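Everything below concerns the one structure shown next.
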There are 2 protein chains.
Amino acid sequence: MSFAREGFGYRVLARSRENRARVGVFTTPHGVVTTPAFMPVGTRGTVKGVQPEELFSLGSRMILANTYHLALRPGEDVVRELGGLHRLMNWNGPILTDSGGYQVFSLADLMKLDEGGVTFRSVIDGASLRFTPERVIEIERALGADVAMAFDHCADDPLDRAKVEDATLRTHRWLERCVRRHRELDGEGSGQTLFGIVQGGAFEDLRARSVEAVTSHDLVGYAIGGVSVGETRDAMRIAVRSAARRLPEDRPRYLMGVGTPLDFVEAVAEGIDLFDCVTPTRHGRTKQAFSSQGLVNIENARFARDPRPLDPRCACPACRGFSRGTLRHLAKSDEMLGAILLTLHNLRFFHALFDDLRAAIEFGGWAELAARVEGDMARVLPPEL
Amino acid sequence: MSFAREGFGYRVLARSRENRARVGVFTTPHGVVTTPAFMPVGTRGTVKGVQPEELFSLGSRMILANTYHLALRPGEDVVRELGGLHRLMNWNGPILTDSGGYQVFSLADLMKLDEGGVTFRSVIDGASLRFTPERVIEIERALGADVAMAFDHCADDPLDRAKVEDATLRTHRWLERCVRRHRELDGEGSGQTLFGIVQGGAFEDLRARSVEAVTSHDLVGYAIGGVSVGETRDAMRIAVRSAARRLPEDRPRYLMGVGTPLDFVEAVAEGIDLFDCVTPTRHGRTKQAFSSQGLVNIENARFARDPRPLDPRCACPACRGFSRGTLRHLAKSDEMLGAILLTLHNLRFFHALFDDLRAAIEFGGWAELAARVEGDMARVLPPEL
């Protein structure tokens with residue numbers, strides 16, 4: 001399967017014999033991404049504490065930035081004047097911007113929703129702001145990422161059927177307006193494409209309806225939204241499965257805001273291609289390291305005199321150069337270098353997992369890999385060890 | 001002039017025709033340092049926000065760590081068990097540890113001084129601790145830097161003659177004890193050498209007496225202490241000149257805790273070889289950048305839409321990859337990457353200045369260089385520009 005449109009494209013390179021997973025190449029004007037892939041989050045135009053060359057070394061190929069945060073500061077006009085998001089971030093690879101919908105509904109002060117859009121108060125200076133589907137597309141154009149996400153309405157409880165249905169149908173109406181504005185602004189000729197977002201909460205029929213409505217627009221890629229909002233694992237499974245199995249085979253599928261190693265294994269097996277989450281970077285700053293021992297708190301006293309690397313099989317700067325004892329000392333001392341090194345490690349851990357996932361899709365061994373990840377992540381060493 | 005002892009040495013390579021400055025090579029068990037050189041400060045075993053490979057790329061060849069901070073946390077026994085300071089910091093070049101004297105007198109809670117040493121309360125856990133000259137040498141041995149500084153007594157007011165004289169004479173008595181303990185612990189055979197510290201405040205006769213007493217011990221290097229404690233520029237000049245001109249020509253001279261570009265020009269012209277200061281790293285974290293426009297506050301609104309690099313002639317990662325507008329955005333957003341990039345820039349600025357100083361010593365042009373630095377640092381652009 002393959003698909004191409006004005007600088008964008010997607011091609012399936014290999015399919016798993018064991019499940020619905022596939023290895024693909026997603027092409028953008030700023031380069032290609034081999035999928036499944038994890039996108040680090042660069043909320044304000046920076047993946048916290050990491051320089052762009054480091055991201056590339058760790059295996060990052062596409063990164064995410066947040067429209068809401070950048071529109072508030074420094075403002076999309078400033079970003080455009082400074083040469084766009086790629087110049088701002090000093091990242092010449094693919095970038096995706098979310099639409100700000102999630103933040104408007106979760107972060108904004110005094111948010112007021114109507115059919116036209118959302119009026120809210122800036123958390124930075126209290127100014128009153130309005131996001132409409134058209135306005136969001138204009139902001140994303142000014143930011144200049146390769147992929148702009150449509151402005152959607154994400155219900156806060158994926159099990160409240162009335163709320164979910166209302167948000168899902170509004171998302172469909174808003175997508176019409178996003179697509180229209182995207183086409184008015186040159187469509188893919190602008191160098192930017194638009195991904196639509198499927199909603200529908202944890203209801204299979206609503207997800208099915210949403211896939212139908214969203215894929216009625218012939219877009220370069222489709223995303224699954226409304227997950228990772230605090231739902232149960234079962235609710236997430238229903239949402240992902242009902243949507244992923246109905247999305248077209250020849251377009252990339254992006255599961256928004258997910259998540260953890262176990263989530264990746266399950267969602268990739270359902271045919272998901274792109275992921276983003278703050279887990280590796282946020283955990284790095286809170287002194288949590290991903291490892292074959294699960295998520296370990298490096299501040300634990302058992303690491304104080306431990307001369308071994310965090311993970312002897314890891315090639316990140318933290319594991320190559322520093323002992324667990326040093327990492328603990330840096331963390332206990334709240335030194336920037338501690339947060340930096342753990343962030344680098346966690347990002348490398350995530351990208352290495354995606355290397356393994358792609359290898360298992362191409363060459364087999366999915367069950368063993370899934371068992372290993374489940375074992376690693378379930379194990380929590382008692383503090384005395 | 002040249003000097004060598006058990007893995008340590010110093011050799012003058014060139015002398016200025018215009019002043020007392022010299023270019024030299026200081027040899028240690030972990031490599032050589034071409035002097036004059038600036039040592040970044042790695043207080044707790046990390047130069048804040050900077051990875052060791054980055055330090056080397058920026059031009060750092062020797063770094064400083066603080067005995068007081070490391071003795072409190074993680075403790076010198078932990079550092080030794082983890083393989084010593086070089087392993088802890090992942091820095092295989094030369095390291096110098098200060099003696100903790102300065103911090104004991106300036107930071108410690110409820111400090112009590114007697115002829116034997118100093119008793120103080122840990123700022124971390126309130127524990128009562130005692131530093132004696134012998135104990136400090138033992139701690140520094142456990143830390144394992146290439147150069148250990150003697151435990152000295154630095155008077156808080158360099159113009160209070162009675163206080164300065166008392167502290168200077170105590171420093172001499174304590175040096176005797178440091179030297180004895182250093183020799184008992186294998187001397188330079190341990191891989192670590194001891195630098196003595198000249199005190200004497202802003203009094204030429206006391207500085208002269210102190211040089212005489214300190215150089216009565218045949219040490220690998222000598223330092224000038226008791227400066228950069230809030231004195232006037234004139235007081236610092238007297239202190240540096242009276243000491244530097246009397247110190248032996250064939251040993252490295254280290255001016256402790258200094259300072260700024262203008263200080264370097266003056267002190268190098270007096271024959272100083274080594275410097276350390278928190279200026280580049282601390283200013284980086286407080287959003288101040290050194291430049292040919294003086295010290296600029298990158299948060300200034302005039303940088304918001306400025307697409308130019310901070311300094312077009314600078315090869316640091318901040319100037320190579322980011323605009324002033326981005327650096328301002330990162331700083332205003334309190335993003336770690338802002339502090340990291342400004343720190344890298346400031347360190348490169350300092351090391352580039354030392355490159356220029358060494359070139360002017362070897363090839364001439366000192367007056368022009370001094371005028372340029374004075375002009376750069378005096379200039380402060382009005383905020384509207």
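With no solvent and one equal point scatterer placed on each C-alpha of chain A, evaluate the Debye formula and give log10 I(q)/I(0) for q = 0.08, 0.11, 0.14 Å⁻¹, two decimals.
-0.40, -0.77, -1.24
Sorted by mean Cβ packing within 10 Å, highest first, what order do the peptides B:260-269, B:336-345 take?
Going from most to least packed, we get B:336-345, B:260-269.
Name the residue farthest towards the positive end of the dipole of segment B:16-98 from the options B:PRO94, B:THR27, B:LEU82, assuming +1 on Cβ of Lys and Arg, -1 on Cβ of Asp and Glu, about the Cα centre.
Result: B:THR27.
Taking amide H atoms as placed 1.01 Å from N in the peptide plane, list the residues 5 or more away in sequence, or in a different chain, whose amide H sits under 5 Å from that of B:ILE197.
Amide H neighbours of B:ILE197, under 5 Å, 5+ apart: B:ALA150, B:ALA223.
Between A:ALA378 and A:ASP334, what is the FRET efficiency for a Förster distance of 35 Å, r being their Cβ-Cβ separation, to the nearest 0.05?
0.70
Two decimals is fine: what is log10 I(q)/I(0) at q = 0.05, 0.10 Å⁻¹ for the protein assembly as shown, from a Debye sum with one equal scatterer on every Cα and no solvent?
-0.32, -1.01
Have a look at A:GLY126, A:GLY144, A:PRO158 and report the one farthest towards the positive end of the charge dipole of segment A:113-169, computed about the Cα centre with Cβ charges (Lys/Arg +1, Asp/Glu -1).
Of the listed residues, the answer is A:GLY126.
What average count of beta carbons from other chains do you get within 10 Å of the Cβ of residues in B:258-268?
The per-residue average across the peptide is 0.
What is the ratio of the Cα radius of gyration of segment A:89-213 to 2.2 N^0.38 Å, with N the residue count, to two decimals?
Against the compact-globule rule of thumb, the ratio is 1.08.
How many times 2.2 N^0.38 Å is the alpha carbon radius of gyration of segment B:287-378?
Normalised Rg, Cα atoms only: 1.15.
Per-residue HN-Hα couplings for segment A:74-83, Karplus 6.51 cos²θ - 1.76 cosθ + 1.60 at θ = phi - 60°, whole Hz, x for Gly and Pro?
So the J values, rounded to whole Hz, are x, x, 5, 5, 5, 4, 5, 4, 7, x.
Considering only the label points, 7 Å along Cα→Cβ from Cα, what distances in nm to one decimal separate B:GLY364 from the same position in each other copy, shortest first?
7.8
With respect to the symmetry axis carrying chain A onto chain B, which residue of chain A exhibits the smallest Cβ distance to that axis, and what is the value in whole Å?
A:MET336, 3
Per residue of A:321-327, how many C-beta atoms from partner chains lie within 10 Å of its own C-beta, taken as a mean?
6
For segment A:1-108, which chymotrypsin sites (Phe, Trp or Tyr not before Pro) are both in a DSSP coil and crowded by at most 11 other Cβ atoms within 10 Å?
Here no loop site has a sparse enough neighbourhood.
Taking R0 as 45 Å, what FRET efficiency do you get between B:ARG5 and A:PHE56 from their Cβ-Cβ distance, rounded to the nearest 0.05?
0.45
Using per-residue counts of other Cβ atoms within 10 Å, averaged over each peptide, order A:167-180, A:189-202 from highest down.
The peptides rank, most packed first, as A:189-202, A:167-180.
What number, rounded to the nearest 500 deg cm²/dmol, is the helix-based mean residue ellipticity at 222 nm of chain A, given -39500 (n - 2.57) per DSSP H run of at least four residues and division by all its residues?
-12500 deg cm²/dmol
For chain B, what is the charge dipole size about the Cα centre, in debye to the nearest 20, if Lys and Arg each add +1 at the Cβ and Asp and Glu each add -1 at the Cβ?
Charge dipole, chain B, about its Cα centre: 740 debye, nearest 20.
Taking θ as phi - 60°, what are the ³J(HN,Hα) couplings along segment B:218-232 by the Karplus curve (6.51, -1.76, 1.60), each to the nearest whole Hz, with x for Gly and Pro?
So the J values, rounded to whole Hz, are 7, 9, 5, x, 9, 10, 10, x, x, 10, 6, 10, x, 6, 6.
Specify the residue with the greatest mean-square fluctuation among B:HIS217, B:HIS153, B:HIS30, computed from a Gaussian network of chain B linking alpha-carbon atoms under 10 Å apart.
B:HIS217
Near the amide H of A:ARG15, under 5 Å away, which other amide H atoms are found, from residues 5 or more places off or on another chain, if H is placed in the peptide plane?
Distant-sequence amide H within range of A:ARG15: A:VAL23.
Treating only the Cβ atoms of Lys and Arg (+1) and Asp and Glu (-1) as charged, compute the dipole magnitude of segment B:1-151 about its Cα centre; round to the nearest 20 debye.
For segment B:1-151, the charge dipole is close to 560 debye.
Unpartnered cysteines of chain B (Cβ-Cβ under 4.7 Å counts as a partner)?
B:CYS154, B:CYS178, B:CYS277, B:CYS316
Considering only B:LEU369, B:ALA315, B:HIS351, whose Cα is most displaced toward the positive end of the charge dipole of segment B:255-385, charges sitting on Cβ of Lys, Arg (+1) and Asp, Glu (-1)?
Among B:LEU369, B:ALA315, B:HIS351, the one farthest towards the positive end of the dipole of segment B:255-385 is B:ALA315.
For B:GLU204 and B:ASP156, what is the calculated FRET efficiency with R₀ set at 25 Å and r taken between the beta-carbons, to the nearest 0.05?
Efficiency at R0 = 25 Å is approximately 0.80.
Run the dipole for the protein assembly as shown about the Cα centre, Lys and Arg Cβ at +1, Asp and Glu Cβ at -1, nothing else charged, and hand back the magnitude in debye, nearest 20.
Charge dipole of the protein assembly as shown: 480 debye, to the nearest 20.
Give me a comma-separated list of calculated 3J(HN,Hα) values for segment B:137-142, in order, Karplus coefficients 6.51, -1.76, 1.60 applied at θ = phi - 60°, integers in Hz, x for any Gly or Pro.
4, 5, 4, 5, 4, 5
Across the residues of A:328-340, average count of Cβ atoms on other protein chains within 10 Å?
Per-residue shielding by partner chains comes out at 6.
Readers should treat all values here as calculations from the given coordinates under stated rules, not as data from a laboratory. Being a predicted model, the structure only gives us computed values, none of them experimental. Quick reminder, even Gly has a Cβ in these numbers, built from the backbone with ideal geometry, and neighbours come from all protein chains shown.
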